[in-house]
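**Student:** Quick one: structure below, then a few questions.
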Amino acid sequence: MDQDISLPSLPTDLKARNKKHSIKAAVIACKSKQYFTDPLTKLGAEPYVMTRGLMAPEAYVIEGVLNAWVKGKDASHARRLAAQKYAAYQKIPLKNANWLFGVV
């Protein structure tokens, strides 16, 4: 993760197609916002849930994200659910989990 992520050659209309279909992307990994926001945006995907720091990328976080996505909720709601799950399972203050997932 110490190097830039370069995109392979992709169809020139991929970004437009992804925006048309409202593609959402979640990257549950350490500092994913820093590393994946630009590449995902270039692909026309919405960075739905990303992280700002070091974390344990575990399935309960994905459960929170998927619950929000299935219900048609926005990214803010998905980040809140991910943070709540993370705080509960990691036994950390919700305020810290909110920071990690960018909940405002």
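**Student:** From the set of residues in segment 79-104 that are in contact with a strand residue (DSSP E or B) (Cβ under 8 Å, 6 or more places away or on another chain) and of a type in the set (A, V, I, L, M, F, W, C), which is farthest from E63 (Cα to Cα)? Show your work before the answer.
**Tutor:** Our first condition is that a residue be in contact with a strand residue (DSSP E or B) (Cβ under 8 Å, 6 or more places away or on another chain); within segment 79-104, this holds for 79, 82, 101.
If we keep only those that are of a type in the set (A, V, I, L, M, F, W, C) too, we end up with 82, 101.
Details: A82: 8, F101: 14 Å.
So the residue we want is F101.
**Student:** Next up: For segment 43-66, enumerate the residues that are in contact with a helix residue (DSSP H, G or I) (Cβ under 6 Å, 6 or more places away or on another chain) and part of a helix (DSSP H, G or I).
**Tutor:** Y60, V61, G64, V65
**Student:** Moving on to the next point. For segment 1-56, what are the residues that are of a type in the set (K, R) and modelled with pLDDT under 95?
**Tutor:** Narrowing segment 1-56 to residues of a type in the set (K, R): 15, 17, 19-20, 24, 31, 33, 42, 52.
Hits for segment 1-56 are K15, R17, K19, K20, K24, K42.
**Student:** Next up: Within segment 17-42, can you find the residues that are more than 12 Å from L100 (Cβ to Cβ) and in contact with a strand residue (DSSP E or B) (Cβ under 8 Å, 6 or more places away or on another chain)?
**Tutor:** If the condition is that a residue be more than 12 Å from L100 (Cβ to Cβ) and in contact with a strand residue (DSSP E or B) (Cβ under 8 Å, 6 or more places away or on another chain), then S22, I23, K24, A25, A26, V27, F36, T37, L40, T41 are the ones that fit.
The values are calculated or read from the model by the stated rules, or taken from the named source; none is laboratory data. Keep in mind that what you see is a predicted model, and the values were worked out from it rather than measured. Cβ sites come from the backbone with ideal geometry, for glycine too, and all protein chains shown count toward neighbours.
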